[in-house]
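To start, the structure itself, in structure tokens.
The values are calculated or read from the model by the stated rules, or taken from the named source; none is laboratory data. Here the structure is a predicted model, which means the values were calculated and not measured. Ideal geometry is used to build each Cβ from the backbone, glycine not excepted, and the neighbour counts take in all protein chains shown. Only protein heavy atoms, including side chains, enter the accessible area calculation; ligands, DNA and RNA are left aside. Shrake-Rupley method; radii C 1.70, N 1.55, O 1.52, S 1.80 Å.
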Amino acid sequence: MIDQTLLPNEFKYIYCDDLPSTWEAIKSLRVRGAPAIGIAGALGAVLGIWNSAAKTYEAFAAELKSARPTAVNLFWALDRISRTAEENKVLLAEALEIIAEDKAMCRAIGQHGMALLNENDTILTHCNAGGLATSDYGTALAVMFSAHKAGKQIQVYADETRPLLQGARLTTWELMQAGIDVTLICDNMAAQVMKEGKIQCVIVGADRIAANGDTANKIGTYNVAILAEAHGIPFYVAAPTSTLDFALETGAEIPIEQRAAEEVTKGFGKLTAPEGVKVYSPAFDVTPAALVTAIITEKGIARAPYTENLNALRDS
Ligand SMILES: CSC[C@H]1O[C@H](OP(=O)(O)O)[C@H](O)[C@@H]1O
């Protein structure tokens with residue numbers, strides 16, 4: 001897998017040949033993004049079984065599930081491999097099927113979502129929901145890639161997305177590779193660019209979407225959603241139906257990962273706050289469904305009321 005902690009300065013593959021190295025890669029965001037985490041988890045479980053008959057599959061799954069709590073994809077992917085093991089089917093084939101399904105879902109999201117974009121639209125996005133966060137092609141960025149490939153003139157403003165700078169490091173890199181006009185801004189500039197009329201819509205990814213449409217995504221997404229509403233700008237979430245968690249009625253139940261203080265006080269090795277300062281660092285926030293204009297999935301676009309429309313989409 002690509003070690004995303006090194007981008008954009010270095011493009012390097014790392015080879016996780018056992019469960020512990022896969023766990024570490026997920027925990028340290030060498031691989032990150034809900035779909036990509038699910039894929040890594042599934043492959044990690046397969047590696048665990050290949051390398052050690054000593055443990056039960058459940059032990060492997062439990063260990064990998066402990067890496068990060070928010071992205072629902074990690075959990076359903078591991079449960080899916082678990083069912084495959086119980087049915088004595090080929091585990092690697094199932095993991096590869098998950099990848100193939102994700103590739104198709106990303107492209108379908110792109111096709112559905114591009115219809116929401118007009119010529120010369122400028123899109124603001126937060127964090128990275130690109131090919132790096134999925135099997136390839138992305139979710140929020142899939143909409144931009146598809147529109148660009150279809151010849152639509154679009155521009156993108158990318159929030160840097162503190163503290164780990166997925167926007168600055170990854171989203172700008174992916175969009176520039178694709179030849180898409182992208183402008184990097186600090187997270188605290190989003191209100192100003194909206195006020196200046198530069199933004200026609202917001203498109204973000206998701207890590208877990210509750211049955212009512214409440215959406216967990218990278219910290220700062222909720223800020224952007226409030227700003228979008230205040231400026232009358234549509235706020236779109238792009239996610240595969242595999243990110244929907246119908247077991248949760250609302251977003252209040254979504255577990256929010258807390259991350260280490262050093263990611264805030266010593267980001268990328270430079271101390272920018274006094275040693276020992278108290279830090280609160282939730283890695284995600286939950287945007288209420290009321291602030292979500294539409295949810296773009298591989299099966300189509302859902303609008304409020306989300307509970308019934310997301311259910312209908314899932315079952316379609
Ligand atoms: C296509 S899911 C991408 C999603 O994952 C990111 O979180 P992280 O970088 O911590 O894995 C962020 O919430 C993105 O929107």
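There is no residue in region 186-198 that is within 13 Å of the ligand (Cβ to nearest atom) and either more than 16 Å from Thr161 (Cβ to Cβ) or of a type in the set (A, V, I, L, M) (or both).
When we screen Gly167, Gly110 for residues that are crowded, with 24+ Cβ neighbours inside 10 Å, in a helix (DSSP H, G or I) and away from the ligand (no atom under 12 Å from the Cβ), the only hit is Gly110. There is no residue in region 81-99 that is surrounded by fewer than 17 Cβ atoms within 10 Å (Cβ to Cβ), within 14 Å of the ligand (Cβ to nearest atom) and not β-branched (Val, Ile, Thr).
Restricting attention to region 30-69, the residues that are in a loop (DSSP other than H, G, I, E, B), modelled with pLDDT of 90 or more and touching a helix residue (DSSP H, G or I) at 6+ places or on another chain (Cβ under 8 Å) total 7. Being farther than 19 Å from Leu244 by Cβ, in a helix (DSSP H, G or I) and either modelled with pLDDT under 95 or basic (Lys, Arg) (or both) is the requirement here; does Ala85 meet it? Here the answer is yes, as Ala85 does meet what is asked. Taking region 12-39 as the range and being open to solvent by 10 Å² or more (accessible area, probe 1.4 Å) and within 11 Å of Leu78 (Cα to Cα) as the test, only Ile39 passes. Can you confirm whether region 150-161 contains a residue that is under 15 Å from the mean Cα position of the chain (by Cα) and in a helix (DSSP H, G or I)? Taking every residue of region 150-161 in turn, none turns out to be under 15 Å from the mean Cα position of the chain (by Cα) and in a helix (DSSP H, G or I).
Checked against (1) assigned to a helix (DSSP H, G or I); (2) at pLDDT 95 or above; (3) touching a helix residue (DSSP H, G or I) at 6+ places or on another chain (Cβ under 8 Å), Glu24 meets all criteria but (3). Screening region 223-316 for strands (runs of 3 or more DSSP E) wholly inside it with 3 or more residues that are of a type outside the set (A, V, I, L, M) returns the ranges 284-287.
Within region 119-151, no residue satisfies the criterion of being in contact with a Pro (Cβ under 8 Å, 6 or more places away or on another chain) and more than 11 Å from the ligand (Cβ to nearest atom). Filter region 268-303 down to the residues that are under 16 Å from the mean Cα position of the chain (by Cα) and of a type in the set (Ser, Thr, Tyr), then identify the one that is surrounded by the most Cβ atoms within 10 Å (Cβ to Cβ). Selected residue: Thr297.
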